[in-house]
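Everything on this sheet refers to the single structure shown next.
The numbers here are math on the coordinates, done by the rules we state, and not lab data. In this text the structure is predicted, and so the values were computed from the model without any measurement. Here Cβ is always computed from backbone atoms with ideal geometry, including for glycine, and neighbour counts include all displayed protein chains.
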Amino acid sequence: MSGSMGQDRSKATLPRVNFDDFVVTDLVDETLVYDLRNHRAHCLNRVAATIWRHCDGRTTVGQVARRIGAQAGVPADAALVLHGLQGLQKSGLVEAPETPKAFGARVSRRDVIKRIGIGSALALPLVTSIVAPTAVSAQTGCGAEGIPCTNQGGEQGLCCDTLRCISGACAPCVPNGTVPPAPYNSLCFGGGGQTNGTNPVCCSGQCNAQGINQCVGN
């Protein structure tokens, strides 16, 4: 880790996050985080998620920098972690550190690229706020469309009425006469012959099990 910035700040300890305040859904290349305190949702890329998950009040900036360096194949520089912390703090996912002087001045995106090289720009931590809940969602505590959810089998779960938990996010249920999208088009359970089956992504909860698998019923 080169430069006085890395040497001085690498010893700073990351803030502690109360992970019970969040619903976390891991996808292939990103992590969806739903803040139960203010009903806001955020999307973290791999590097930002790595930094956030190590906010335990014990791990140092230098330790996380080395882990990211090994995973992403970039220089293990404290500036990368500090820049990521700034984005997490701005999104409300991390509280301000108790000893801000240990983290020094703000680190810009340009500062990080200068230190790790333009070829490593894809390793920059990224935190993006996604679909905000509706007023009804905020009042009831249910998940609005686009809000991350953990029961990905298509059940309603914590999603608001008419929504289902599909592929890790609350989405509209499938109306009657429509075949659900893959892989939920093969989830017509318990049907056969003249008996309809059940499919959690259907608005009615029922599907035609006679080789069609489209949503039916009330």
What is the distance, in nm, between label points placed 7 Å from the Cα along the Cα-to-Cβ direction at Ser186 and at Leu27? 2.3
Approximate spin-label separation Arg16-Thr162, in nm, with each point projected 7 Å along Cα-to-Cβ: 4.4
Neighbour net charge for Glu145 - beta-carbon separation under 13 angstrom, K R +1, D E -1: 0
Expected output is a single nm value to one decimal: the length gained when fully extending between Ala70 and Thr128, i.e. 0.36 nm times separation in residues minus the C-alpha distance. What is it? 18.5 nm
Here the FRET efficiency for Thr198 versus Arg58, based on Cβ atoms and R0 = 41 Å and rounded to 0.05, is 0.30
Would you calculate the separation in nanometres between label points at Asn38 and Ala96, each defined as 7 Å from the Cα along the Cα-to-beta-carbon direction? 1.4
